[in-house]
Amino acid sequence: AAIDVLDILHETREALQKPEQERARKITIASGKTLAHSVLPGLMAGVQRSLPAFQLKVITTTLNYGVDMLGDGEVDFLLCHAHEPLYAKIDNPNYRCRRVGADKLVAVSAPVAPGGRHPRFAVPKLASDPPVPFLAYADSMSLGRILHDKLRGLCEVPLLQTTYESDLADALHAMARQGFGLAWLPHTLVEPDLRDGRLVRADGARNDIHMEIRLYQSVGNTKPLAREVWSRIEAYAAK
């Protein structure tokens with residue numbers, strides 16, 4: 001009877017430890033929706049090749065929620081766009097970050113005629129220019145914050161008439177291709193369209209908005225796997 005009880009205790013202990021072991025081999029990343037499919041796969045492919053197998057969970061979210069989840073310990077990393085310090089809540093000694101890529105926001109529009117080179121909606125530069133329909137990011141998006149910070153130096157903002165707003169860059173991309181308005185979109189997203197003529201530049205390349213792609217981690221994260229992944233990220237960022 002005692003042996004049977006010991007066997008049951010061992011089985012129970014193994015059953016209780018298994019979830020903890022599974023959590024220990026799991027990494028959770030909060031990411032912007034666009035970055036989740038444009039940057040994250042390549043980034044993590046290099047990391048996973050140099051480590052024993054582990055489970056990767058990606059939560060696509062807005063910048064505000066992503067920062068909160070990182071601060072609350074709900075995720076191990078945050079992947080986002082940035083061009084300057086995001087704000088004191090995360091750009092402080094409690095967090096570390098690495099630049100893992102770069103992109104730029106490009107003003108684009110559908111062409112006046114299929115295959116043409118002239119934009120249907122150009123960036124308004126003068127107060128006398130006609131207003132243009134504007135495809136806007138939701139304020140919660142890091143891309144929206146970056147664009148908002150730079151717009152006044154690039155155009156006559158009052159002439160941008162918001163006709164569509166979304167928290168998904170892919171949605172703005174689709175609307176721009178259909179000719180619904182002017183949008184500032186990541187170059188990595190629109191490069192094929194610019195090459196094939198489905199979209200054209202609505203402003204000069206000198207006015208592109210350059211930005212970094214950053215990965216953040218809480219300094220207080222003591223998970224061994226998270227530390228291993230961060231060391232690989234640092235090696236990746238140093239290339």
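Screening Gly153 on (1) on the phi < 0 side of the Ramachandran plot; (2) in contact with a Ser or Thr (Cβ under 9 Å, 6 or more places away or on another chain) shows it passes everything except condition (2).
Restricting attention to the range 210-227, does a residue exist that is buried (at least 17 other Cβ atoms within 10 Å of the Cβ) and in contact with a Pro (Cβ under 8 Å, 6 or more places away or on another chain)? Within the range 210-227, not a single residue is buried (at least 17 other Cβ atoms within 10 Å of the Cβ) and in contact with a Pro (Cβ under 8 Å, 6 or more places away or on another chain). Annotation: Ile233 fulfils all but one of (1) modelled with pLDDT of 95 or more; (2) under 21 Å from the mean Cα position of the chain (by Cα); (3) surrounded by 19 or more Cβ atoms within 10 Å (Cβ to Cβ); (4) outside any strand (DSSP E or B); the unmet one is (1). Looking only at residues of the range 84-102 that are closer than 18 Å to Met141 by Cα and surrounded by fewer than 18 Cβ atoms within 10 Å (Cβ to Cβ), we find that the one that is modelled with the highest pLDDT is Ala102. The residues of the range 40-98 that are touching a residue at least 12 places away in the same chain (Cβ under 8 Å) and of a type in the set (Asp, Glu), listed by number, are Glu74, Asp76, Glu84.
Residues checked against (1) over 25 Å from the mean Cα position of the chain (by Cα); (2) of a type outside the set (Val, Ile, Thr); (3) under 29 Å from Ser31 (Cβ atoms):
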position: Lys125; (1), (2), (3): yes, yes, no
position: Asp129; (1), (2), (3): yes, yes, no
position: Leu135; (1), (2), (3): no, yes, yes
position: Leu147; (1), (2), (3): no, yes, yes
position: Leu151; (1), (2), (3): no, yes, yes
position: Thr162; (1), (2), (3): no, no, yes
position: Ser166; (1), (2), (3): no, yes, yes
position: Arg177; (1), (2), (3): no, yes, yes
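Listed by first and then second residue, the pairs linking a residue in the range 99-118 that is within 24 Å of Tyr236 (Cα to Cα) to a residue that is of a type in the set (Asp, Glu) and in a strand (DSSP E or B), with Cβ atoms under 9 Å apart and 6 or more places separating them unless they lie on different chains, are Arg99/Glu212; Val100/Glu212; Gly101/Glu212; Ala102/Glu212; Asp103/Glu212. Residue count for the range 88-112, restricted to those that are touching a Lys or Arg at 6+ places or on another chain (Cβ under 9 Å) and assigned to a loop (DSSP other than H, G, I, E, B): 2.
Condition check for Phe121 on (1) closer than 21 Å to Val190 by Cβ; (2) surrounded by fewer than 19 Cβ atoms within 10 Å (Cβ to Cβ): one failure, at (2). Please indicate, with yes or no, whether at least one residue in the range 38-45 is touching a Lys or Arg at 6+ places or on another chain (Cβ under 9 Å), of a type in the set (S, T, N, Q) and either outside the structural domain of Leu168 (by TED's automatic domain parsing) or farther than 19 Å from Leu143 by Cα (or both). Looking through the range 38-45, none of the residues is touching a Lys or Arg at 6+ places or on another chain (Cβ under 9 Å), of a type in the set (S, T, N, Q) and either outside the structural domain of Leu168 (by TED's automatic domain parsing) or farther than 19 Å from Leu143 by Cα (or both).
The values are calculated or read from the model by the stated rules, or taken from the named source; none is laboratory data. Values in this document were obtained by computation on a predicted structure and should not be read as measured data. No Cβ is skipped: glycine too gets one built from the backbone with ideal geometry, and neighbour counts run over all protein chains shown.
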